[in-house]
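Below you'll find the structure, written out as structure tokens, and then a few comments.
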Number of protein chains: 2
Amino acid sequence: MNDPLSRIRIVLSRTSHPGNIGAAARAMKTMGLTRLYLVSPKHLPEEQATAMASGADDVLTAAIVVDTLEEALQGTVLAVAMTARRRDLSAPIAWVRDAAAEAVAATGQGEVAIVFGNETAGLSNQETDLCQRLAMISANSEYSSLNLAAAVQVACYELRLAGLDVGAPPPVHEAGLPASHDEIEGLIGHIEAAAIKSGFLDPAQPKRLIPRVRRLFARAQPEKEEVAILRGLLSSLMDTRYWPK
Amino acid sequence: MNDPLSRIRIVLSRTSHPGNIGAAARAMKTMGLTRLYLVSPKHLPEEQATAMASGADDVLTAAIVVDTLEEALQGTVLAVAMTARRRDLSAPIAWVRDAAAEAVAATGQGEVAIVFGNETAGLSNQETDLCQRLAMISANSEYSSLNLAAAVQVACYELRLAGLDVGAPPPVHEAGLPASHDEIEGLIGHIEAAAIKSGFLDPAQPKRLIPRVRRLFARAQPEKEEVAILRGLLSSLMDTRYWPK
């Protein structure tokens with residue numbers, strides 16, 4: 001319930017290429033955002049946009065098309081203008097990660113908009129003046145022009161992480177059962193016996209060999225089945241009667 | 001000097017659409033990455049790739065094309081496989097932000113690779129088996145398929161932020177030097193040879209034995225010296241002439 005991302009509008013202003021609108025819709029949907037606003041796009045979403053949306057046509061179909069940025073921002077409590085460059089009339093510029101955190105927090109008060117300008121010209125000063133924040137994606141100063149959909153992808157990614165409580169651990173690893181302490185000790189004993197039997201380890205002068213091996217397996221946290229595989233291999237190697245001729 | 005991003009390879013395996021290669025090159029360059037490897041792309045970069053690269057043609061021109069993922073990973077100390085889904089033989093999966101931090105830290109030891117699979121099929125199990133880490137971009141569970149270039153954009157964005165962050169040296173790990181990709185592959189090859197020589201592994205019916213071993217050592221991140229110890233032990237066990245009577 002109460003998904004902050006459902007109160008965030010992605011606003012694309014004066015987009016030239018329908019393909020970019022479709023790709024932006026896809027980028028949004030992968031990150032769990034669905035509310036797309038289009039401010040007088042050069043072409044309304046059409047075949048090419050749908051192709052690039054690639055399964056995110058629902059976002060495209062539900063997009064709200066308006067004539068002016070004012071209309072797209074009606075009812076919002078915060079609008080963040082994305083910019084690829086510093087501006088003359090420089091309001092302070094936030095990094096997109098910080099802006100995303102602020103945007104998600106502001107959804108507690110109401111609707112929020114993240115605004116992207118035209119592919120070539122970006123946002124006009126009149127447009128950024130309608131926004132309360134400016135935000136940038138950190139980029140190579142010698143080549144800072146992200147594709148529009150790529151910028152939407154990064155911004156939505158940051159919104160998603162800010163919106164989820166990302167303390168949560170990464171996807172659980174449905175691995176096998178971890179080997180017990182005794183099983184790991186059994187493996188290390190087996191390695192030691194093999195090392196002595198083969199002459200690799202002189203029990204009178206053991207050096208640090210077995211402690212090193214123990215440290216390796218402590219770090220590896222082997223599973224039961226992995227211990228079984230290694231012990232099976234050691235048994236085979238130690239009993240030459242069964243070696244193929 | 002000493003830019004960690006200059007020691008990171010972006011590896012695209014079996015990419016179908018040249019346009020995606022171009023868009024990925026652009027995504028890389030905006031984030032300050034330049035080293036692109038292409039593993040048997042369906043089509044070599046061509047007109048469409050160049051169009052999508054849009055000013056990042058230098059990255060495209062300098063791309064290294066190889067036949068196999070092994071070749072692309074030669075000489076790396078860490079390879080991170082990007083995956084959009086959980087996997088059966090699940091090595092633990094990290095979020096891309098954490099994986100990026102680890103990747104940047106590992107550039108202190110040598111070259112690092114971030115590996116992306118085919119647009120439709122992703123990476124094969126054989127391909128992920130060659131990598132020491134799996135990483136995911138957090139995404140909408142009902143629609144998680146980022147466009148390839150969009151995934152490259154997000155990963156490179158996280159690498160950039162992690163790389164800019166690295167004023168301080170990576171956490172010191174008072175251990176020995178980590179084994180390289182090639183050294184770990186050498187160890188696994190040695191284990192396989194020992195398993196075959198002793199009759200433990202039937203090469204005609206290999207099952208999942210070696211992939212399991214590979215996964216164990218990917219997790220263990222062995223040090224050079226540990227690899228040397230295990231290989232020394234295997235050599236002794238395989239050559240009974242030297243066994244004490």
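The values are calculated or read from the model by the stated rules, or taken from the named source; none is laboratory data. Predicted model, so just to flag it, every value in this text is computed and none were measured. Methodologically, a virtual Cβ is constructed for each residue, glycine included, from the backbone with ideal geometry; neighbour enumeration extends over all protein chains shown.
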**Study point:** Residue satisfying all of: in the stretch A:95-128; among the β-branched types (Val, Ile, Thr) and part of a helix (DSSP H, G or I); nearest to the chain's Cα centre (by Cα) among these
**Key:** A:96
Check your understanding: Of the numbered conditions (1) at pLDDT below 85; (2) over 36 Å from the mean Cα position of the chain (by Cα); (3) under 23 Å from residue B:218 (Cβ atoms), residue A:242 satisfies every one except a single condition; which is it?
Key -> (3)
Check your understanding: Checking residue A:242 against (1) surrounded by fewer than 13 Cβ atoms within 10 Å (Cβ to Cβ); (2) over 17 Å from residue B:237 (Cα atoms), which test does it fail?
Key -> (2)
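May I ask you to verify whether residue B:203 is of a type outside the set (Asp, Glu), in contact with a Gly (Cβ under 8 Å, 6 or more places away or on another chain), surrounded by fewer than 17 Cβ atoms within 10 Å (Cβ to Cβ) and without any contact (Cβ under 8 Å) to a residue 12 or more places away in the chain? Before the answer, list the steps.
Numbers: of a type outside the set (Asp, Glu): yes; in contact with a Gly (Cβ under 8 Å, 6 or more places away or on another chain): no; surrounded by fewer than 17 Cβ atoms within 10 Å (Cβ to Cβ): yes; without any contact (Cβ under 8 Å) to a residue 12 or more places away in the chain: yes.
So residue B:203 does not fit the description; no.
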Study note, to complete from the structure: Listed by first then second residue, the pairs whose first member lies in the stretch B:146-158 and is in a loop (DSSP other than H, G, I, E, B), whose partner is of a type in the set (Phe, Trp, Tyr), with beta carbons under 8 Å and at least 6 positions apart or on separate chains, are none
**Study point:** Residue satisfying condition, being closer than 20 Å to residue B:76 by Cβ, surrounded by fewer than 24 Cβ atoms within 10 Å (Cβ to Cβ) and at pLDDT 90 or above, within set B:155, B:121, B:162
**Key:** B:162
Check your understanding: How about the stretch B:195-228: which of its residues are part of a helix (DSSP H, G or I), facing chain A (nearest Cβ under 10 Å) and within 26 Å of residue A:177 (Cβ to Cβ)?
Key -> B:195, B:209, B:210, B:212, B:213, B:215, B:216, B:217, B:218, B:219, B:220, B:226
Check your understanding: Regarding residue B:29, is this residue buried (at least 18 other Cβ atoms within 10 Å of the Cβ) and not polar (S, T, N, Q)?
Key -> yes
Study note, to complete from the structure: Within the stretch A:53-78, the count of residues that are closer than 25 Å to residue A:22 by Cβ and touching a residue at least 60 places away in the same chain (Cβ under 8 Å) comes to 4
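So, in the stretch B:42-75, of the ones that are among the polar types (S, T, N, Q) and modelled with pLDDT of 95 or more, which residue ends up farthest from residue B:118 (Cα to Cα)? Break it down stepwise before answering.
Within the stretch B:42-75, the subset among the polar types (S, T, N, Q) is B:48, B:50, B:54, B:61, B:68, B:74.
Now restrict to residues that are modelled with pLDDT of 95 or more: B:68, B:74.
On the way: B:68: 13, B:74: 20 Å.
The extreme case among them is B:74.
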Practice item. Could you please tell me which pairs satisfy a Cβ distance under 6 Å, a separation of 6+ or placement on different chains, a first residue in the stretch A:28-40 that is over 19 Å from residue B:151 (Cα atoms), and a second residue that is of a type outside the set (S, T, N, Q) and in a loop (DSSP other than H, G, I, E, B)? Key: A:36/A:63; A:38/A:63; A:40/A:14; A:40/A:67
Point to revise | Number of the exception - residue A:54 against (1) over 27 Å from residue A:93 (Cα atoms); (2) over 23 Å from the mean Cα position of the chain (by Cα); (3) surrounded by fewer than 24 Cβ atoms within 10 Å (Cβ to Cβ) | key: (2)
Practice item. Identify, by number, the condition in (1) over 30 Å from residue A:240 (Cα atoms); (2) within 21 Å of the chain's Cα centre (by Cα); (3) modelled with pLDDT under 90 that residue B:149 doesn't meet. Key: (3)
